[in-house]
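To keep things clear, I will list the structure first and then write my remarks on it.
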There are 2 protein chains.
Amino acid sequence: MSRLIECVPNFSEGRRPEVLEEITRAIRQIEGVSLLDASRDESHNRSVVTFAGGPEAVVRAAMAAVGRALELIDMEQQTGAHPRIGSVDVIPFVPLGDTTMAEAVDLARRFGEQVARTFQLPVYLYGEAALRPDRRRLADVRRGQYEGLKEELGVNPDRAPDFGPPRLHPRGGAVAVGARKPLIAFNLNLATSDLEIAQHIAEQIRASSGGLPAVQAMGVLVAVPDGRQLAQVSMNLVDWEQTGIPKVVHEVRRLAHQAGTDIDHAELIGLAPAGALLDVAADALNLRGFSPDQALELRLARER
Amino acid sequence: MSRLIECVPNFSEGRRPEVLEEITRAIRQIEGVSLLDASRDESHNRSVVTFAGGPEAVVRAAMAAVGRALELIDMEQQTGAHPRIGSVDVIPFVPLGDTTMAEAVDLARRFGEQVARTFQLPVYLYGEAALRPDRRRLADVRRGQYEGLKEELGVNPDRAPDFGPPRLHPRGGAVAVGARKPLIAFNLNLATSDLEIAQHIAEQIRASSGGLPAVQAMGVLVAVPDGRQLAQVSMNLVDWEQTGIPKVVHEVRRLAHQAGTDIDHAELIGLAPAGALLDVAADALNLRGFSPDQALELRLARER
């Protein structure tokens, strides 16, 4: 498992399935890379692809994906609800296995320089790879979106990219390239349709309002397959080693009890690090002296 | 992960560390094999080694391990509490990943023939690899142990080996070679020191007395690191896809409550399939629509 990197590029196209197919085909053609997930969101007009492999293979696959996306997605034509600055909006690199964050940061910066040079694309480094503190947050990098950036680039020196020309790519706009920890998208559906309870719990637990560190949360109303409408606490855990699933479940359950309800069930969206799920098992069993290395396939993957 | 096999040979020597070191060295020298675990039990005078890899590499490593063990362990000198018939007492092959049980059975039989021919060692096929129904259970194969088998071999045709000569190897005795599913050694320590409660629960849940299928269980008294003596339900789950950890935990908890106590904590001995642990997480969270493929490292291992 040594030197594994995950890459999760987001593309500003979610309505034409053939575009996502072309992009994933370009990624799959790179030897040493495994395509793990590809999902398309029509309403947000956005797609997210997840792949992983050794650092050099991942860089080659990301370059190939950007090349295809610039040919197929024209930002002058693109509309959609999701904030975005380019055809390939954001490219985070995530360290897996024994790879360190420092290696992911180094890779993101090298990739950023290379993609800017190859495609004449303005690149903003964000997250752990940011070169300026005011570019750590993606929301700050994307301020004003594609249209706003088009007006400011070349005019406002504060918006100058970290790599590439001080003007948008004619079709592809700009791209944010970064490094971050794995993110867990995890929802708890409450045994109530009272949206206010979910919103109150979300406010209590999210980091931005002084709750649990590294937790983003909001309350929403969702329709579940059995026909019920349930209030949902929808979360991103952005550093599960700091605040993991067991901690948020205990806290949401406590707050739900206070509000006279309970957790009905949970949903995990997409992929999560195995360690974060094994922590749930160890917590539920009160398992003494447990190590994730006791999971046979993980131990084997680490050895090989 | 395709075509992976695990091999878990048991050796009748647990008091001389250098013997286990020599055996694991022989295994490690085979390319394509990962040594996953090696544990030595002084009181039982027995060692267990776990390794895995592709079928051909695993056979080569098992052959090398048998060769070293026959040089280093003399059954004429060996004593110990654990039932055994030879220097290498038992060699189970366990299908992992996409490997089927039929492939593990085939491999065990080919290996059995090869090890008998190479070392002039009588081989008994057991478990899923048994050629006779009365040799499926290891306890039946080992009846009378080394000393009893020595008297019966060549005299009682019913004890004739499946491969190899009808007489014990002069130093190594005989060996049982088989195929089985992964085994989970899992203990639940109760919040009581009343051994009878653990014994009663064990009797209620074990398959042999009509409890849960594929569960072996006994009640014992153990000293835990914090100084307490606790009654323990000690289990082997021999087919976790039939009866998994969540099921036995729910059942033991229910019976403990009936007896006026509860589960204090759990222990997992050695390795367990990741899927068996992810089942615990999914059960604890009431996780809807979950697939073990959502565990990032497992998905990646499967893809590669």
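Open to solvent by 20 Å² or more (accessible area, probe 1.4 Å), within 23 Å of B:LEU183 (Cβ to Cβ), within 20 Å of the chain's Cα centre (by Cα) and β-branched (Val, Ile, Thr): is that true of B:VAL215 in this structure? Considered against the rule, which asks whether it is open to solvent by 20 Å² or more (accessible area, probe 1.4 Å), within 23 Å of B:LEU183 (Cβ to Cβ), within 20 Å of the chain's Cα centre (by Cα) and β-branched (Val, Ile, Thr), B:VAL215 comes out as no. Figure legend. Inter-residue proximity from the range A:35-48: first residues over 17 Å from A:GLU22 (Cβ atoms) and away from every other protein chain (no Cβ under 14 Å), second residues open to solvent by less than 60 Å² (accessible area, probe 1.4 Å) and part of a strand (DSSP E or B), beta-carbon distance below 8 Å, spacing 6+ or different chains. Indicated pairs: A:ASP41/A:SER47; A:ASP41/A:VAL48.
The residues listed here are B:ALA256, B:ALA301, B:ALA295, B:ALA266; of these, the one that is under 29 Å from B:VAL94 (Cα atoms), open to solvent by less than 60 Å² (accessible area, probe 1.4 Å), modelled with pLDDT of 95 or more and of a type in the set (Gly, Ala, Ser) is B:ALA266. Scanning the range A:1-32 for residues that are among the β-branched types (Val, Ile, Thr) and open to solvent by 20 Å² or more (accessible area, probe 1.4 Å) yields one hit, A:ILE30. Here the range A:33-49 is the region considered, the condition is being farther than 12 Å from A:ASP89 by Cβ and part of a loop (DSSP other than H, G, I, E, B), and the residue that is least open to solvent (accessible area, probe 1.4 Å) is A:SER43. In the set (1) within 14 Å of another protein chain (Cβ to nearest Cβ); (2) in contact (Cβ under 8 Å) with a residue 40 or more places away in the chain, the condition left unmet by A:VAL105 is number (1).
Report yes if A:VAL66 is away from chain B (no Cβ under 14 Å) and either polar (S, T, N, Q) or touching a residue at least 40 places away in the same chain (Cβ under 8 Å) (or both), otherwise no. Criteria met by A:VAL66. Considering A:VAL224, A:VAL238, the condition of being in contact with a Lys or Arg (Cβ under 7 Å, 6 or more places away or on another chain) and surrounded by 14 or more Cβ atoms within 10 Å (Cβ to Cβ) is satisfied by A:VAL238 alone. If the condition is being small (Gly, Ala, Ser) and either out of contact with any Leu (no Cβ under 8 Å at 6 or more places or on another chain) or open to solvent by 40 Å² or more (accessible area, probe 1.4 Å) (or both), then the range A:68-104 contributes A:ALA69, A:GLY80, A:ALA81, A:GLY97, A:ALA102, A:ALA104. You will find that of A:ARG299, A:ARG228, A:ARG253, the residue that is more than 26 Å from A:GLY127 (Cβ to Cβ), within 14 Å of another protein chain (Cβ to nearest Cβ) and touching a helix residue (DSSP H, G or I) at 6+ places or on another chain (Cβ under 9 Å) is A:ARG299 and no other.
Screening A:LEU121, A:LEU107, A:LEU125 for residues that are surrounded by 19 or more Cβ atoms within 10 Å (Cβ to Cβ), farther than 20 Å from A:GLU6 by Cα, of a type outside the set (Val, Ile, Thr) and in contact with a strand residue (DSSP E or B) (Cβ under 7 Å, 6 or more places away or on another chain) leaves exactly one candidate, A:LEU121.
The values are calculated or read from the model by the stated rules, or taken from the named source; none is laboratory data. Predicted model only: the values in this text are computed from it and were never measured. FYI the Cβ positions are ideal-geometry reconstructions off the backbone, even for glycines, and counts take in every protein chain you see. For the accessible areas, the whole protein counts, side chains as well, though only heavy atoms, and no ligand, DNA or RNA atoms are used. Shrake-Rupley method; radii C 1.70, N 1.55, O 1.52, S 1.80 Å.
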